[in-house]
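**Student:** Below is the structure I would like to discuss, written out as structure tokens.
The values are calculated or read from the model by the stated rules, or taken from the named source; none is laboratory data. Owing to the predicted nature of the structure, the values given are computational and were not obtained by experimental measurement. Neighbour counts are summed over all protein chains in view; Cβ atoms, including those assigned to glycine, are modelled from backbone coordinates with ideal geometry.
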Amino acid sequence: MTSTLLTRGSLIIDEELRNDASEAVKAAGDEKFVELTLTTSTGRQVVLESAVVDLVSRVLGRVAQGGQLTIQTVPEMLTTSAAADLLGVSRPTIMKLIRRGELTPVMAGTHHRLRLQDVAAVRKLRELDRSAAVEELLNLGEDEE
């Protein structure tokens, strides 16, 4: 199992590692990973918390899909452009969210900065709204039958 680490946390996954990840994902099928235990070089076992298991599961799924995997850290305070990237919207949309009070900026001189946790909360709300809208559309389709 090998992979090549590039700059800025990018990782090129080789075919063997992708296949191993793919086999693990296939073995689980539709079941969710709920526990993961790591064994240290001295034989001590460390059980990972569920949030970490979910992270590893998501990474494993991405690796199984192939391609490049990029892992990066995000600062606690974001520029409006960085917040826009995280939300998948334009910078003007971020400014609208600020004006409507959906995001509360911290001023750095004349520049707006946003807390990562606030942007993450808005992202989660948008995902929930999107899921509810899809569910509603699916239910409308069932009602017509």
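**Student:** For region 21-91, please list each of the strands (runs of 3 or more DSSP E) lying entirely inside it that holds at least 2 residues being surrounded by fewer than 13 Cβ atoms within 10 Å (Cβ to Cβ). Outline the logic, then answer.
**Tutor:** Values: elements: 37-39, 45-47, 68-70, 77-79.
In region 21-91, 37-39, 45-47, 68-70 are the strands (runs of 3 or more DSSP E) which contain 2 or more residues that are surrounded by fewer than 13 Cβ atoms within 10 Å (Cβ to Cβ).
**Student:** Now, a different point. Here are some residues: Arg130, Arg99, Arg58. Which one is at pLDDT 95 or above and of a type in the set (Lys, Arg)? Full working, then the answer.
**Tutor:** Details: Arg130 fails: at pLDDT 95 or above; Arg58 fails: at pLDDT 95 or above.
Just one listed residue meets the conditions, Arg99.
**Student:** Does any residue in region 75-89 that is over 18 Å from Arg130 (Cβ atoms) and touching a residue at least 24 places away in the same chain (Cβ under 8 Å) come within less than 8 Å, Cβ to Cβ, of a residue that is among the acidic types (Asp, Glu) and in a strand (DSSP E or B) six or more places away or on a different chain, and which pairs are these?
**Tutor:** So the pair list comes out empty.
**Student:** Check Gly141 against each of (1) modelled with pLDDT under 90; (2) of a type outside the set (Ser, Thr, Tyr); (3) touching an Asp or Glu at 6+ places or on another chain (Cβ under 8 Å) and name the one condition it does not meet.
**Tutor:** For Gly141, the failing item is (3).
**Student:** Sticking with this one: Quick one: Val53 ticks every box in (1) at pLDDT below 95; (2) outside the structural domain of Glu15 (by TED's automatic domain parsing) bar one, so which box is it?
**Tutor:** Here Val53 meets the rest and fails (2).
**Student:** Another question about this same structure. Could you identify the single residue in Arg115, Arg123 that is surrounded by 10 or more Cβ atoms within 10 Å (Cβ to Cβ) and either modelled with pLDDT of 95 or more or touching an Asp or Glu at 6+ places or on another chain (Cβ under 8 Å) (or both)?
**Tutor:** After ruling out the rest, the residue left standing is Arg115.
**Student:** Looking at Glu102, Glu135, which one is more than 30 Å from Ile13 (Cβ to Cβ) and not in a helix (DSSP H, G or I)? Lay out the reasoning, then the answer.
**Tutor:** Values: Glu135 fails: not in a helix (DSSP H, G or I).
Just a single option satisfies the conditions, and that option is Glu102.
**Student:** Kindly indicate whether Arg44 is of a type in the set (Lys, Arg), over 20 Å from Leu17 (Cβ atoms) and either in contact with a His (Cβ under 9 Å, 6 or more places away or on another chain) or not assigned by TED's automatic domain parsing to the domain that holds Leu11 (or both).
**Tutor:** No: the conditions fail for Arg44.
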